[in-house]
Amino acid sequence: MKPARLLVLAAVAALVAAWFAFDLGRYLSLDALKTQREVILAWRDAQPLTASLAFVAIYVAVTALSLPGAAILTLAAGAIFGLGWGLVLASFASSIGATLAMLVARFVAGDVVQRRYAERLRAINAGIERDGAFYLFTLRLVPLFPFFVINLLMGLTRIRVWTFYWVSQIGMLAGTAVYVNAGTQLAQLESVGGILSPGLLGAFVLLGLFPLIARRLVDLVRARRVYAPYRRPRHFDRNLIVIGAGSAGLVSALIAATVRARVTLIERHRMGGDCLNTGCVPSKALIRSAKLAAQMRRAEEFGLAPVDARPVFAQVMERVQEVVRAIEPHDSVERYSGLGVECIKGHARLVDPWTVDVDGRRLTARDIVIATGAEPLVPPIPGLREAGYRTSEDLWDLRELPARLVVLGGGPIGCELAQAFARLGSKVTQVEMLPRLMMREDPEISATVQARFAAEGIDVRVGTKATSVVIENGRKWLVCEADDGPLRVGFDEILVAVGRVSRLGGYGLEDLGVRTGRTLEVNEYLQTSFPNIWACGDVAGPYQFTHTASHMAWYAAVNSLFGPLLALRGGRFRVDYRVIPWATFTEPEVARVGLNETEAREKGIAHEVTTYGLDDLDRAIADGEAHGMVKVLTVPGKDRILGVTIVGEHAGELIAEYVLAMRHGIGLNKILGTIHIYPTLAEANKYAAGRWKQAHKPERLLRWVERWHRWRRG
Ligand SMILES: Cc1cc2nc3c(=O)[nH]c(=O)nc-3n(C[C@H](O)[C@H](O)[C@H](O)COP(=O)(O)OP(=O)(O)OC[C@H]3O[C@@H](n4cnc5c(N)ncnc54)[C@H](O)[C@@H]3O)c2cc1C
């Protein structure tokens, strides 16, 4: 603990100890107040200002030090100064004292608590940021909760000091007035507890609930306002309409059908959306061919005769489509119809909050789920459109390998495709504006991938901004500004992979005025600004993965279909983004769950880093893949996992153990105590846990154990 903190803690402890040692509390009793009243009143009459200031000083000190006696002091305010002036003094003194107590708690322990429990407190901090004033107001109004506890606990949160002060002052006013008023009748008072009758307490509870009720009312009024221009149908044809049959839409519709709701799924293009048709599936199929080609080129390394690993590009791309076709039935109209989902092909457009038009046909539903996905972002680079470009949407039509390919973008999609095309024989230049590839990952992870790319012949240009595309004598050039000067890269095809933007236009969101920003805006229940319109998947973010799309879909479907019933369990389900894993399927593969070191530092979260190098792992050595690492972040001194990054062969599979561990609060000790099959890559997880244990072995105990063995040896 820092010296200043220690000093404050020691000073507070000394003052509290003195209070009890000298039994100063005896002056703050009802009897003492009654017997000394005449003396105090005489003093007040002689020196009214000094008496007022002394009273405030004592009150502030007692509250700031969280000492018992605030109730008696509030009575004293009434007894000595009368209702009006007494209320003013007690109200300010109690609020200032409470704020000081809150600040002391924050100064002594706030930082430590926030750092140590940063992950767990994230939701609470967000709640305090959003609703802190409401909750504090409730707690202040209801005198059932000890005020000093509220002061200290609030100090551990991130509530703003000014908010704390004014909410406390207003919130405590009613209770303070009751006590000050009781103080004016001191002679009749027999006990402090007698001040609050059950009736009065009940009134306070109602008052306390008022802000929460008011908030719900505000929500209702807001909802009424957005619906005001529309007439709600008296009957609905369906319970749910889902727009978009990608990962998010398919899962929403499936859940609805499973719980016997009447659900219609509308898709304008191909069932399965991006993932099946232009995203995960084709990219992974392409990567498989490319990886095999790269491995075949290593034949001699494994004692095999060299082989001709020249890809036949058109056949590679045909295989990609075969893979898509093989998986297609999983997402097909036939399958979903069989499961009870009505599937309609066509372009959906919102007509009003309950009505969807599909190419002239009108359907109504009580709730609507928007799952329209995202599309590639194409930056406004002069000359790009004229020269022509590819994105992940139309890349799959290529049947001729581009001899020279520029990949614009160093994120996961750009990296996966750059390496795949390079391995299939294109001369690839990858251009990234930021200082390194895969900026979301830790620098050494990016460096590992970048080094491998360079070794495989990819010309990686980071810190390089594409400024225009020019065509000269029929040859296409990408013109860039790099950190080390201008650069021109000749190309036959350019693949734009600089990010994906939510699909927000062209289907009625704008006409209805559904609130949008970078994505379709949703609350924690995945409701849009129209409470019966929900959104999930890429269109609503914040993660753009197939598994997060399906995860969100569950919340959107369940919350929409069971809203009123969910009130019985305390409300709808809040979407949970605490443990989100992802992988980039380059070689080496990169997988992550939770925090990495960069994020932990940026957020000021205390952490320890443990790494295990895969060059040490038997199976990786046997497989000729002895490279990469497992990097685990834990809470200092504890085995609780904050995040894991794995870079290496099959990282995306290996991370699953840590995802499970984080999701269910399993620490490194348990992973270490679990039998892993020898020889597998999964053993790396156990060895990483072993490295952590090695660094935390109980040295003192081991010294005793050593003595025990020495004694046993005689
Ligand atoms: C190259 C690439 C590789 C990827 N690899 C991975 C990976 O390995 N792992 C991973 O987890 N994620 C990966 N992703 C991301 C993943 O594909 C998306 O996160 C996922 O598909 C999002 O699903 P969704 O349902 O939100 O949207 P989508 O799959 O885009 O589905 C939206 C659907 O809505 C339809 N639609 C839109 N508007 C309308 C309308 N008005 N009426 C009717 N229908 C409409 C569209 O036609 C589309 O079919 C990859 C993406 C790309 C581009």
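The values are calculated or read from the model by the stated rules, or taken from the named source; none is laboratory data. What you see is a predicted model, and the numbers here were worked out from it, not measured in a lab. Methodologically, a virtual Cβ is constructed for each residue, glycine included, from the backbone with ideal geometry; neighbour enumeration extends over all protein chains shown. Keep in mind that these areas ignore ligands, DNA and RNA; they rest on the heavy atoms of the full protein, side chains included. Shrake-Rupley method; radii C 1.70, N 1.55, O 1.52, S 1.80 Å.
List of remarks:
- Residue in segment 284-301 that is over 18 Å from Ala556 (Cα atoms), touching a residue at least 40 places away in the same chain (Cβ under 8 Å), within 12 Å of the ligand (Cβ to nearest atom) and in contact with a Pro (Cβ under 9 Å, 6 or more places away or on another chain) present: no
- Scoring Trp43 on the criteria (1) closer than 25 Å to Gly155 by Cα; (2) touching a Ser or Thr at 6+ places or on another chain (Cβ under 9 Å) leaves a single failure, condition (1).
- Tally of residues being under 21 Å from Cys415 (Cα atoms) and among the small types (Gly, Ala, Ser) across segment 456-492: 5
- Hits in segment 336-357 (condition: under 34 Å from the mean Cα position of the chain (by Cα) and among the basic types (Lys, Arg)): Arg349
- Some residue of segment 534-543 being under 17 Å from the mean Cα position of the chain (by Cα) and closer than 23 Å to Ser446 by Cα: yes
- Residue match in segment 340-354 (condition: closer than 30 Å to Gly563 by Cβ, open to solvent by 60 Å² or more (accessible area, probe 1.4 Å) and touching a Phe, Trp or Tyr at 6+ places or on another chain (Cβ under 6 Å)): yes
- Test: residue in segment 414-424 that is touching a residue at least 24 places away in the same chain (Cβ under 8 Å), surrounded by fewer than 22 Cβ atoms within 10 Å (Cβ to Cβ) and not acidic (Asp, Glu): no
- Of the candidates Arg601, Arg569, the single residue that is away from the ligand (no atom under 13 Å from the Cβ), without any contact (Cβ under 8 Å) to a residue 12 or more places away in the chain and closer than 30 Å to Glu653 by Cβ is Arg601.
- Flag if Thr184 is open to solvent by 40 Å² or more (accessible area, probe 1.4 Å) and either modelled with pLDDT under 85 or more than 27 Å from the chain's Cα centre (by Cα) (or both): yes
- Set Ala293, Ala253, Ala257, Ala305: member being of a type outside the set (Asp, Glu) and touching a Gly at 6+ places or on another chain (Cβ under 6 Å): Ala257
- Members of segment 83-95 that are open to solvent by 20 Å² or more (accessible area, probe 1.4 Å) and of a type outside the set (Phe, Trp, Tyr): Leu83, Gly84, Leu87, Val88
- Residue satisfying all of: in segment 28-70; among the charged types (D, E, K, R) and modelled with pLDDT of 90 or more; farthest from Val108 (Cα to Cα) among these: Asp45
- Search result, residues across segment 329-352 that are in a loop (DSSP other than H, G, I, E, B) and within 16 Å of the ligand (Cβ to nearest atom): Ser332, Val341, Gly346, His347
- Strands (runs of 3 or more DSSP E) contained in segment 582-690 and holding at least 2 residues at pLDDT 95 or above and farther than 21 Å from Thr546 by Cα: 608-613, 629-634, 641-648
- Meets criteria (among the basic types (Lys, Arg) and part of a helix (DSSP H, G or I)) for Arg385: yes
- Residue check for Leu65: closer than 18 Å to Asn151 by Cα and within 43 Å of the chain's Cα centre (by Cα): yes
- Residue list for segment 544-558, restricted to those being more than 6 Å from the ligand (Cβ to nearest atom), open to solvent by less than 50 Å² (accessible area, probe 1.4 Å) and free of Cβ contacts under 8 Å to residues at least 60 places away in the same chain: Thr548, Tyr555
The rows are residues; the columns are (1) more than 14 Å from the ligand (Cβ to nearest atom); (2) in contact with a Ser or Thr (Cβ under 8 Å, 6 or more places away or on another chain).
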residue	(1), (2)
Gly360	no, no
Ala371	no, yes
Pro382	yes, yes
Tyr389	yes, no
Leu401	yes, yes
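- Just one of the listed residues (Leu487, Leu478, Leu495, Leu509) is touching a Leu at 6+ places or on another chain (Cβ under 9 Å), touching a residue at least 24 places away in the same chain (Cβ under 8 Å) and open to solvent by 10 Å² or more (accessible area, probe 1.4 Å), namely Leu487.
Here is a yes/no grid of residues against (1) basic (Lys, Arg); (2) touching a helix residue (DSSP H, G or I) at 6+ places or on another chain (Cβ under 6 Å); (3) crowded, with 23+ Cβ neighbours inside 10 Å:
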| site | (1), (2), (3) |
| --- | --- |
| Arg44 | yes, yes, no |
| Ala54 | no, no, no |
| Thr63 | no, yes, yes |
| Thr99 | no, yes, yes |
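- Looking only at segment 238-297, and only at residues there that are over 22 Å from Leu339 (Cβ atoms) and assigned to a loop (DSSP other than H, G, I, E, B), the one that is most open to solvent (accessible area, probe 1.4 Å): Arg297
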